[in-house]
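Chemist: One structure, as structure tokens, below. Some questions next.
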Amino acid sequence: MRITIPEQIRNNAVALISLVIALSSLAYTGWRNETSEEQRNIRYASFQVLTELGELQELVLYNTYFAASTDKPISGRGRVEGYGHLLLVRDLMNLMPEPAPKAGSGLYLVWEQQVDQLLLEEPDKRQSAEKILSASIEDTRSAVLEVLHMLD
């Protein structure tokens, strides 16, 4: 006597249902692990960017207010430190979803435009550059926080 396919399905229904559940659980677990790892990387990059932005802000404020009181503009070392913070920020933000990459590139352009003003001995020009740089740093910080709020 031959057993038909519908009979075989009926006889092995529990095993087939178990197989479907196991395969779908495996697929979901794999997807969830990938998503969790991606979000963990974005969170880590975001916290690192926020730290670097704080240090860049500190460098800008130090040069504007402390150096202004001593009439000594930022040194070449300060410029290099600023670019170091800035390049790390830009690179890490390119690993994040929008609006982060755009904000990172925008901050880099503003720095390039304003860093020379920050180096001048004239306090008015330094303070003007500080206001522009601080606003751009704040915009970048807001973009990072927006990315963090988008995560699950």
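Chemist: Can you tell which of Ala13, Ala45, Ala27 is more than 29 Å from the chain's Cα centre (by Cα) and small (Gly, Ala, Ser)?
Modeler: Numbers: Ala45 fails: more than 29 Å from the chain's Cα centre (by Cα); Ala27 fails: more than 29 Å from the chain's Cα centre (by Cα).
The conditions single out Ala13.
Chemist: Which one of these does Gly54 not meet: (1) within 30 Å of Leu118 (Cα to Cα); (2) in contact (Cβ under 8 Å) with a residue 24 or more places away in the chain?
Modeler: Among (1) within 30 Å of Leu118 (Cα to Cα); (2) in contact (Cβ under 8 Å) with a residue 24 or more places away in the chain, Gly54 violates only (2).
Rundown of residues vs (1) of a type in the set (A, V, I, L, M); (2) touching a Ser or Thr at 6+ places or on another chain (Cβ under 7 Å); (3) at pLDDT 85 or above, yes/no style:
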site	(1), (2), (3)
Glu7	no, no, yes
Val20	yes, no, yes
Gln39	no, no, yes
Val49	yes, no, yes
Ser69	no, no, no
Arg79	no, no, no
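Chemist: Then there's this: Would you confirm, using the coordinates I've provided, whether Asn33 is part of a helix (DSSP H, G or I) and more than 30 Å from Arg79 (Cα to Cα)?
Modeler: It is true that Asn33 is part of a helix (DSSP H, G or I) and more than 30 Å from Arg79 (Cα to Cα).
Chemist: Kindly establish whether Arg32 is surrounded by 12 or more Cβ atoms within 10 Å (Cβ to Cβ), under 27 Å from the mean Cα position of the chain (by Cα) and of a type in the set (Lys, Arg). Please lay out each step first, then the result.
Modeler: Details: surrounded by 12 or more Cβ atoms within 10 Å (Cβ to Cβ): no; under 27 Å from the mean Cα position of the chain (by Cα): yes; of a type in the set (Lys, Arg): yes.
No: the conditions fail for Arg32.
Chemist: So for region 115-131 (the condition being in contact (Cβ under 8 Å) with a residue 24 or more places away in the chain, under 30 Å from Glu38 (Cβ atoms) and surrounded by 15 or more Cβ atoms within 10 Å (Cβ to Cβ)), does at least one residue qualify?
Modeler: At the first step, the residues of region 115-131 found to be in contact (Cβ under 8 Å) with a residue 24 or more places away in the chain are 115, 118-121, 123, 126-127, 129-130.
So of that shortlist, the ones also under 30 Å from Glu38 (Cβ atoms) come out as none.
There is no residue in region 115-131 that is in contact (Cβ under 8 Å) with a residue 24 or more places away in the chain, under 30 Å from Glu38 (Cβ atoms) and surrounded by 15 or more Cβ atoms within 10 Å (Cβ to Cβ).
Chemist: Identify, please: which residue in region 35-51 is closer than 30 Å to Leu118 by Cβ and either in contact with a strand residue (DSSP E or B) (Cβ under 6 Å, 6 or more places away or on another chain) or of a type in the set (A, V, I, L, M, F, W, C) (or both) and is, among those, surrounded by the fewest Cβ atoms within 10 Å (Cβ to Cβ)?
Modeler: Restricting to residues being closer than 30 Å to Leu118 by Cβ and either in contact with a strand residue (DSSP E or B) (Cβ under 6 Å, 6 or more places away or on another chain) or of a type in the set (A, V, I, L, M, F, W, C) (or both), the top hit is Phe47.
Chemist: Scan (1) within 20 Å of Asn94 (Cα to Cα); (2) in contact (Cβ under 8 Å) with a residue 60 or more places away in the chain for the single condition Ser134 breaks and write down its number.
Modeler: The one condition Ser134 does not meet is (1).
The values are calculated or read from the model by the stated rules, or taken from the named source; none is laboratory data. Since this is a predicted model, take the numbers as computed values, not measurements. Because the Cβ atoms are built from the backbone with ideal geometry, glycine has one as well, and the counts that use them run over all protein chains shown.
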